[in-house]
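The values are calculated or read from the model by the stated rules, or taken from the named source; none is laboratory data. Model, not experiment: these values are computed from the prediction. Methodologically, a virtual Cβ is constructed for each residue, glycine included, from the backbone with ideal geometry; neighbour enumeration extends over all protein chains shown. Note: areas computed on protein heavy atoms with side chains; ligands, DNA, RNA excluded. Shrake-Rupley method; radii C 1.70, N 1.55, O 1.52, S 1.80 Å.
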Amino acid sequence: MKRRFDKYFPWLFMASDFIASWIALLLCNLLLQEFGIFSGVSLEALFPLSVLWVLIASLRKDFRIGRTDEYNQTLRHLLGTVLWFVGATAVLWIPFNTPQLQVIPVLALGFGMLLLMGSYRVGVHMVLRSYRSLGNNYRNAVIVGKGGTSPKLADVFRIRKDFGINFLGYFDNLSDCKQTRGDIHDFFEQAPQLDLDLIYIHEQLEPSLVRRVIDFADEHYIKVKMIPGGSLQLEKNLSFSRYGDFFVINVNEIPLDNAFNSFAKRAFDIVFASLVIVFILSWLIPLVGILIKLESRGPIFFIQKRNGVNNQVFNCLKFRSMTPNDYADTVQAVKGDPRVTRIGSFLRTTSLDEMPQFINVLLGDMSIVGPRPHTIPMNQTFKKQIDRYNSRHKIRPGITGLAQVRGYRGEIENPHQIRSRVRLDSFYINNWSFLLDMGIMIKTVHELLFNRENAY
């Protein structure tokens, strides 16, 4: 049964994906007509688009949903398929149906497909997990070498039935428990009769035995995976670098170390910041500047030194919300702070005082989303109090961030708040994705509209 599933699942996936994509395109077509974005097409015209979708999905092997993949990985892979689909649609289909390329309908189509097909793909992922948790589509696995972290992996197999990994036991020279099938030499005698799919080798095994197990696996078409020791069981994804024939583990690599990810995030920052500067700041700066000048003397902008990426110092821009004072860098604003002006209070409550930071984004000092930058004195204090505090400076700081939309916005009143901020910043850095950025931006708008308790 486990072999037949792998043989027929890709065909079943593509057939259902074709139907789902046609329904999604139909819904997008109706919605775009309803909102007057698109004039609409016939039902027959949607079939070529569904064929195009399935072709792209098959070339990208969307049917390969890994046993240990989480839902965000499915959505991340889907995003790539949607981008390819939108590009292909714009190039191949739109010019033949309209006199000129219409950008807004194409982008609206892409967003609709991402939303609808995202829901469908997550549903397929959930069904697949449920199917495997019932004991179907399983993989037989053994662990060679029981020391160190091997028992933890066995516990994962026992708890996560949805991974569909049937753990048959250990082969180890020293361990003696119910799950031990024999010593390591017994492995080579028993393995041919076990119908194995996966062999997990603990890193503490002798190199000669590791090579012998790998050679055996190659001869019998069995996949081999190495179990890292405790020092490498970190809460992050490990990757590898190759130096000729030698491989090393990249222990602290982050998603934005990837050139494509970094380029995509920076490109989005530039486009979004440029639109804000042209269409909002172009009239907001003169308007707010006049109001600030009418109430108090001093500059329109408050320029403050803050630590950015790699702890480099940059000039962070804000609308001035306080009367000029000597404590702006060392004393945080508190509720009812007498230094805050009336227009400043409005700016801070609505977060409009942060709007000039879109200029920082365009200059490359900041990003739209990222860890919020702190003042230099605050950084000096916090890095002495909190372990790995400086790790939040691996990437550009942001106008908004995960910590801010999770309630850690404004004044830092106790150590728990800054520790929680650092923890959330660390999670963001190690798990960055474009979808995560979009979610934070949407949540930021919600926070600005409905939760202003900590903005003062």
(message) With the requirement that a residue be in a loop (DSSP other than H, G, I, E, B) and surrounded by 13 or more Cβ atoms within 10 Å (Cβ to Cβ), what does the range 122-138 give you?
(response) Asn136, Asn137, Tyr138
(request) Read through the list (1) open to solvent by less than 70 Å² (accessible area, probe 1.4 Å); (2) at pLDDT below 80; (3) of a type in the set (A, V, I, L, M), then give the number of the only condition that Leu92 fails. (result) (1)
(request) Go through the range 270-318 residue by residue and tally those that are within 13 Å of Ile343 (Cα to Cα) and of a type in the set (Gly, Ala, Ser). (result) 2
(message) Restricting to the range 347-365, name every residue that is in contact (Cβ under 8 Å) with a residue 60 or more places away in the chain and crowded, with 21+ Cβ neighbours inside 10 Å.
(response) Arg348, Met355, Pro356, Phe358, Val361
(message) Given (1) modelled with pLDDT of 85 or more; (2) open to solvent by 60 Å² or more (accessible area, probe 1.4 Å); (3) part of a helix (DSSP H, G or I), identify the lone condition not met by Phe111.
(response) (1)
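Listed here are the residues, each with its yes/no results for (1) out of contact with any Ser or Thr (no Cβ under 8 Å at 6 or more places or on another chain); (2) surrounded by fewer than 15 Cβ atoms within 10 Å (Cβ to Cβ).
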{"position": "Phe272", "(1), (2)": "yes, no"}
{"position": "Leu287", "(1), (2)": "yes, yes"}
{"position": "Val313", "(1), (2)": "yes, yes"}
{"position": "Gly344", "(1), (2)": "no, no"}
(request) Among the numbered conditions (1) under 19 Å from the mean Cα position of the chain (by Cα); (2) surrounded by fewer than 20 Cβ atoms within 10 Å (Cβ to Cβ), tell me where Gly407 comes up short. (result) (1)
(message) Criterion first (in contact with a Ser or Thr (Cβ under 6 Å, 6 or more places away or on another chain), in contact (Cβ under 8 Å) with a residue 40 or more places away in the chain and surrounded by fewer than 19 Cβ atoms within 10 Å (Cβ to Cβ)) does Arg67 satisfy it?
(response) no
(request) Would you tally the residues in the range 104-134 being within 27 Å of Asn29 (Cβ to Cβ), touching a residue at least 60 places away in the same chain (Cβ under 8 Å) and aliphatic (A, V, I, L, M)? (result) 7
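Checking the condition more than 19 Å from Phe47 (Cα to Cα) and modelled with pLDDT of 85 or more, which residue from Thr74, Thr68 passes?
Residue meeting the stated conditions: Thr74.
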(request) Pairs only if they're at least six apart or on different chains, beta carbon under 7 angstrom, first in the range 141-169 and touching a residue at least 24 places away in the same chain (Cβ under 8 Å) and farther than 20 Å from Leu196 by Cβ, second open to solvent by 20 Å² or more (accessible area, probe 1.4 Å) and small (Gly, Ala, Ser); list them, first residue then second. (result) Gly148/Gly230; Thr149/Gly230; Asp162/Ser133
(request) Would you check if Arg421 is open to solvent by 60 Å² or more (accessible area, probe 1.4 Å) and within 19 Å of Asn451 (Cα to Cα)? (result) no
(request) Among what's in the range 343-370 and is among the aliphatic types (A, V, I, L, M) and over 20 Å from Lys443 (Cα atoms), pick the residue that is modelled with the lowest pLDDT. (result) Ile343
(message) Considering only residues that are acidic (Asp, Glu) and modelled with pLDDT of 90 or more, which ones fall in the range 230-276?
(response) Asp269
(message) Testing Asp218 on (1) assigned to a helix (DSSP H, G or I); (2) at pLDDT 85 or above; (3) of a type in the set (Asp, Glu); (4) surrounded by fewer than 16 Cβ atoms within 10 Å (Cβ to Cβ), one condition comes back false. Which one is that?
(response) (2)
